[in-house]
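Structure first, commentary second.
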Amino acid sequence: MGVKYSSFADVDIRAFDAVVVGCGFAGATVARELAERGGKNVLVIEKRAQIAGNMYDEFDDAGILVHRYGPHIFHTNDKRAFDYIRRFTDWRDYEHVVLADWYGTYMPVPFNKNSMEIAFGKERAAHLTDKLIATFGDERKVTINELREQDDPELSEIADFVYKNVFLYYTQKQWGLTPEEVDPSVTARVPVFISRDNRYFQDAYQGMPANGYTALFERMLDHEGIVVCLNTEAESVFDLRFFSDDEDAPLESIFIKDRRFDGPIVYTGPLDELFLSRFGRLPYRSLDFVYETHDQKHVLPCGTVNFTVTEDYTRITEFTYLTGQESDKTSIMKEYSHSYDDPKTQIPYYAILSEKNNAHYERYRLLVSPLENFYPLGRLAEYRYYNMDVIIGRALALADTLVG
Ligand code: FAD
Ligand code: UDP
């Protein structure tokens, strides 16, 4: 059958039981579940010209499958989320490896026993590793913050090295902040790992959709109960009604095409943008992606190289490692991070977590919390740093509630 697309102008809103804003994993999972398990007719509106949110991939001019909104590798310990997406795709087993380019020498990230030998030489590394094991245990993960808190001079030597050579410059490029200034949960994503395991993730289930993410989304949305309107922005088609004219007065209802819409509205975009940023824009980091195609099989030694001490970009990803595509050519992508200043031309990729920003978000959330049929869901709408699997898990949980 294929995905059913419609222009928003042609939609008869009375035919729909639920509206979903945004077509990433949050939106697509809820839409599919409401349609399939709940037997609902679901209207999905998406402001971009295509489905799949940040997971969107397509073939470039050289015929290489590339990701257009950041490199996406699936990994999870949540069996339900894993089983759920495998319903819609064949699976390619893939375990991501990241190396840091340390002044031209490659060093595994997360920093581990192998990195230690590269940094300190075999003999000294053996001694320092024993110290780490004695303090934290073998095969343990330690955050850079925990390591830096240790008093022991040899542990401090390791902590200083990792801080300066793995975290400092990369974090400054990525966030415009030092590692001390970012929320501790951010650097904790990439711990020091007292192990020989060179994989970036240790989750039980890892890999990639065999035919790419866009193909996976096409199958998720291919259901008789789902209609997708692309190029449609929620703020242009929602008529928001508030309890009063007060700036902090919450939403009383949402009208769509002149009718009050009482079915579930699942919103997965940035919450501030729905309210035209009336309390000021929520801070995010945005990214620029620069692609290159080379007439050779591989440019990098593995899927991603992080530039932790040099270069303006944070990392380079080579897609054929991720996708397993065989070709004489290869396409790579450099990521440049910068502040998010203009919603018209930029995309909000990373919420900048802090007490101040979380409180700012909360002010927006209070505008929607009394509206019982409105559900903010996803990395943007919840202003959180969620991976794909968490989003799928949260979307399935919301669907459980809505379907009953
Ligand atoms: P999105 O995918 O962002 O989808 C939201 C959709 O809503 C978008 O299509 C957007 O256009 C649309 N939208 C927004 N506002 C409106 C509006 N007002 N009206 C209509 N439509 C709107 N996770 C992993 O698990 N593994 C990875 O390797 C990984 N790599 C990443 C790399 C980068 C650079 C980034 C930024 C993220 C990465 N993630 C990764 C996280 C992953 O992208 C998110 O978990 C996932 O995209 C969240 O899905 P979502 O549906 O909440 O949001
Ligand atoms: N990080 C770092 N150096 C690295 C890898 C990660 O400093 O080589 C820090 C940086 O602050 C980054 C965070 O750890 O933003 C989380 O890294 P991750 O790879 O999880 O980021 P993502 O893939 O989500 O962009």
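Considering every residue within region 379-395, establish whether at least one is part of a loop (DSSP other than H, G, I, E, B), at pLDDT 95 or above, of a type in the set (Asp, Glu) and within 16 Å of ligand 1 (Cβ to nearest atom). Yes - at least one qualifying residue is present in region 379-395.
When SER7 is tested against the conditions (1) in contact (Cβ under 8 Å) with a residue 24 or more places away in the chain; (2) of a type outside the set (A, V, I, L, M); (3) within 16 Å of ligand 2 (Cβ to nearest atom); (4) surrounded by fewer than 16 Cβ atoms within 10 Å (Cβ to Cβ), the lone failure is (3).
In region 243-272, the qualifying residues are those that are under 19 Å from the mean Cα position of the chain (by Cα) and either part of a strand (DSSP E or B) or surrounded by fewer than 19 Cβ atoms within 10 Å (Cβ to Cβ) (or both), and the one that is nearest to ligand 1 (Cβ to nearest atom) is TYR267. Only a single item in (1) within 16 Å of ligand 1 (Cβ to nearest atom); (2) within 21 Å of THR105 (Cα to Cα) is not met by ARG189, and it is number (2).
Scanning region 10-47 for residues that are within 8 Å of ligand 1 (Cβ to nearest atom), part of a loop (DSSP other than H, G, I, E, B) and buried (at least 19 other Cβ atoms within 10 Å of the Cβ) gives GLY22, CYS23, GLY24, GLU46. The set of residues in region 158-204 being in contact (Cβ under 8 Å) with a residue 60 or more places away in the chain, more than 10 Å from ligand 2 (Cβ to nearest atom) and of a type in the set (Val, Ile, Thr) consists of VAL192, ILE194. Here ILE133 meets the list (1) touching a residue at least 40 places away in the same chain (Cβ under 8 Å); (2) touching a strand residue (DSSP E or B) at 6+ places or on another chain (Cβ under 6 Å); (3) away from ligand 1 (no atom under 16 Å from the Cβ); (4) of a type outside the set (S, T, N, Q) almost entirely, failing just condition (2). Residues in region 336-393 that are of a type in the set (Asp, Glu) and closer than 26 Å to GLY263 by Cα: GLU362, GLU372, GLU382. Restricting attention to region 348-379 and to residues that are in contact with an Asp or Glu (Cβ under 9 Å, 6 or more places away or on another chain) and closer than 21 Å to VAL42 by Cα, the residue that is nearest to ligand 2 (Cβ to nearest atom) turns out to be PRO376.
The values are calculated or read from the model by the stated rules, or taken from the named source; none is laboratory data. A quick note: this is a predicted structure, and the numbers were derived from the prediction, not measured. Using ideal geometry, Cβ is built from the backbone for each residue, glycine included, and neighbour counts are taken over all protein chains shown.
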